[in-house]
1. What is the count of Lys pairs in the chain whose alpha carbons sit under 29 Å apart, if the two are 8 or more places apart or on different chains?
2. Taking the chain as the reference, fit the longest principal axis to its C-alpha atoms, fit the long axis of helix 22-37 to the helix C-alpha atoms, and give the angle between the two in degrees, 0 to 90, nearest 10.
3. What distance in nm lies between label points placed 7 Å from Cα along the C-beta direction at Asp19 and Leu165?
4. Mind telling me which of Ala87, Ala41, Ala156 comes out most flexible in a GNM of the chain, alpha-carbon contacts under 10 Å?
5. Quote the charge dipole size of the range 2-132 about the Cα centre in Debye, to the nearest 20; the model charges only the Cβ of Lys and Arg (+1) and of Asp and Glu (-1).
6. Where the convex hull is taken over the Cα atoms of the range 1-126, what is its projected area averaged over directions, in nm²?
7. Counting only heavy atoms of the protein chains, get the accessible area per residue of the range 1-53 (1.4 Å probe) and round it to a whole Å² value.
8. May I ask you to list the residues of the range 71-94 whose amide nitrogen lies under 13 Å from a point 7 Å from Cα along the Cα→beta-carbon direction of Leu56?
Amino acid sequence: MDLSLNSFAAQCHAILKKDGGPKGRIEVANLLRQVLQDAEAVKSYLDPDTPERSVLYEDPELGFCIVAHRYTGPKTSEPHDHAHSWAIYGQASGETQMHDYVLVEKAHGEKLGIVRMTDTYRLTPGVAHVYNEGDIHSPTRVEPTSLIRIEGTNMAHVTRDRFTLIE
């Protein structure tokens, strides 16, 4: 199977054009798992000079993006969602500890939303996980890691709510 970036992007496009909802995203995550199993494909997407965020492909029709991420040291993100969009995290190397949350109170303007943690799990090489609209999560990376993430839209242009955690 051709797992070059152009081929992968075209396959993602075909899947999401047919079904842009949760079922289509699961199909894309399954395809991403195949990419993550191919060391040569991963090397072509991520190299030693890849920054923390590098948009590899942005679909001109559907708007989804394929993004490479390389973290050279520890990195933690606060609880977040992807606003009106979705994301698929595909772990290429290292390990990410992911936390899921349930919304207790919505954010309003500058007021932080309130969330409660519901689950913690590990993303290890080869794992791809779908986060649909409104799914609140936070990654923790303690060692160097890299991942390929597919975003429903370019998240660099999206303002997201911020959340605080309660026990």
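1. 6
2. Result, in degrees: 60.
3. Rounded to a tenth, the inter-label distance reads 3.4 nm.
4. Taking springs between Cα atoms under 10 Å, the residue moving most is Ala156.
5. Approximately 280 debye in magnitude.
6. Mean shadow area of the hull around the Cα atoms is 9.2 nm².
7. Heavy-atom accessible area per residue stands at 57 Å².
8. 89-93
The values are calculated or read from the model by the stated rules, or taken from the named source; none is laboratory data. Keep in mind that what you see is a predicted model, and the values were worked out from it rather than measured. FYI the Cβ positions are ideal-geometry reconstructions off the backbone, even for glycines, and counts take in every protein chain you see. The accessibility values were calculated without ligands, DNA or RNA, using every heavy atom of the protein model including side chains. Shrake-Rupley method; radii C 1.70, N 1.55, O 1.52, S 1.80 Å.
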